[in-house]
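I have placed the structure first, in the form of structure tokens, so that the comments after it can refer back to it.
The values are calculated or read from the model by the stated rules, or taken from the named source; none is laboratory data. Keep in mind the model is a prediction, meaning the values are calculated, not measured. Cβ placement follows ideal geometry from the backbone for every residue including glycine, while neighbour counts extend to all protein chains displayed.
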Amino acid sequence: MNDIEEKLWRYIDGLCTPAEYEEIATLIEQDAAVNAKYRELLGLNITLAAMELDEPPMAFTYNVMETIRTENAMVPLKAAVNKRIIRGISIFFVVTLTALLILVFSSIKWSGISLPANLTAHLKPTAINAGETKMIVQAFIFFDVMLGLYLFDAWLRKKKASNQSKMA
């Protein structure tokens, strides 16, 4: 845009000083090219003023905010560690090791004052009959199967949720 157009736009918009207003008004009256340019810019200004502005739909803001919310929800939380799970695993191992130590120390014959050179001869094995062994093995397998089904169900639910979020 050249200097004359800028002056004409300021004249049309009413942003010039009174001295500039008089100068541009006389320039429009005296110069035919400036007058033609003024008429062209004035017609463009009237056309622009008559145009209706496009408005976004009523739900535009809501749709934008929902899109942002779903994009943020799809980002996985990498640093989220449930401390209750860690504490539960720790308690399980502490209880298991404590029970093992109690079993070992209860199996030792403490009758001698000094420890014999052959310690294994004084250790008595825990007596477990065949029926108790079968029951312990079955309970262990039952627990493992239930745990496996629980983990498989959790995996399927996670997969289903990720597929639904991709489709949305």
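Laid out as a table, the results:
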quantity: Complete set of residues in the stretch 77-97 that are modelled with pLDDT of 85 or more and charged (D, E, K, R); calculated: ARG84, ARG87
quantity: The stretch 98-117, residues that are at pLDDT below 75 and either of a type in the set (Gly, Ala, Ser) or closer than 30 Å to LYS158 by Cβ (or both); calculated: SER111, GLY112, SER114, ALA117
quantity: Within the stretch 20-39, tally of residues that are surrounded by 12 or more Cβ atoms within 10 Å (Cβ to Cβ) and hydroxyl-bearing (Ser, Thr, Tyr); calculated: 2
